[in-house]
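Each value in this text was obtained by applying a stated rule to the coordinates, not by laboratory testing. This one's a predicted model, so the numbers in the text were calculated from it and none came from an experiment. Because the Cβ atoms are built from the backbone with ideal geometry, glycine has one as well, and the counts that use them run over all protein chains shown.
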Amino acid sequence: MAPWTPITAVLIPGVLLAALFSGAPPSPARAQASAPAAPPTICVRCLRADIDFLASDELEGRGSGTRNEHLAALFAASLFADFGLTPGGDHGSFLEKAPLPDPLPQAVQRRLKGFPSIEPRKETWNVVGILPGADPAMSQDAILLTAHLDHLGVGPARNGDTIYNGADDDASGVAAVLELARSFALAARPRRTVLFVLFGSEEIGGYGHRYFLAHSPVPLNRIVANVEFEMIGRRDPAIPAEDLWLTGYNRSDLGPELARHGAHLVVDPRPRQHFFRRSDNYDLARAGIVAQTISSFGLHADYHQPSDEIDRLDFPHLDSAVASMARPLAWLASTEWKPRWRPGGKP
């Protein structure tokens, strides 16, 4: 998650790089985690395995626009291929390569001071997987499920640790999208198309989602809703233990309707933090998409610190959070109902 400012050679275990450029049937190993069925079911061990890799020291914090962010993108792309999704990126692949400004804006350069990168930050990567809808008419519409791949990388030492792993921010959200992609691919196909997209370089200005807006595989006016998963790995003490909050809850009817169908969603308890404006969803909302972020960030002290490690995550909370969203999102992907902004809610 981006901070608030006032407005105005690593080997990848299990990565099948040959599968990146075409859809492939789900592997037996992943398929065994959940037999094909409706509605989607969640594989707890898959969630944990994905976070173990993404937030490992070997990926050195997945710094925005770095080789390690690219490795995280390749890992996710290989899983999308393994799940049998359709590629939605460049040249028939799952990857979108987006250029970064050269030079980066001065404000970004100041923020990156102390966070060196071996290679110049010239490009960032999105990962785009598509589950085509089963209904000939409704499949022209899409539900967009997203998270951001990157974090801060290697930076100033804190208690002798220089790797800003980003386990909660946002390996937890990426793992949620990966697991929802796996479970949806194994379940009965929804009527609408579902886009599973992981954005690069959110932490330095959202350059991944900006590129996606200009290169979406689905016309933006056919994206019914965007749900971003951001920092859901720890419970927020301001809300009930297994709940999540939705940024801009009262701006649209999306959150209340998902809650009515079983999602553990409540109103964002900290409106003064302006969380609605601090993640990838905001520019998508400005483009007209009903786009909001799910989180349970309770302002913990490990935010943007090397201490945002795997051992700080609350896995029972994470498992429950993702499981609570699977059925409501499956409903959203098959219902004819469409969310709408409330008066004054669209930014």
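For Lys122, the lysines whose Cα falls under 21 Å of its own Cα, not counting residues fewer than eight places away in the same chain, are Lys97, Lys113. When you count the other C-beta atoms within 10 angstrom of each residue and take the mean per peptide, 102-112, 235-245, 76-86 line up highest first as 76-86, 235-245, 102-112. Centre-to-centre separation between the Cα atoms of region 66-111 and those of region 313-338: 25 Å. Ranked by the mean number of other Cβ atoms within 10 Å of their residues, highest first, the peptides 137-145, 295-303 come out as 137-145, 295-303. Based on alpha-carbon atoms, the Kirkwood radius and the radius of gyration of region 33-332 give Rg/Rh equal to 0.94. Based on DSSP H segments of at least four residues, each scored -39500 (n - 2.57), the chain has a per-residue ellipticity at 222 nm of -8000 deg cm²/dmol. Compared with the direct C-alpha span, the chain from Arg260 to Arg45 gains 74.6 nm at full extension, assuming 0.36 nm per residue.
Our estimate of slack between Ala188 and Arg342, defined as 0.36 nm per intervening residue step minus the Cα-Cα distance, is 52.2 nm. For region 33-332, a crude dipole built from +1 on the beta carbon of Lys and Arg and -1 on the beta carbon of Asp and Glu, taken about the Cα centre, is about 720 debye to the nearest 20. Under the Kirkwood approximation for Rh and a Cα-based Rg, what ratio Rg/Rh is obtained for region 203-300? For region 203-300, the value is 0.97.
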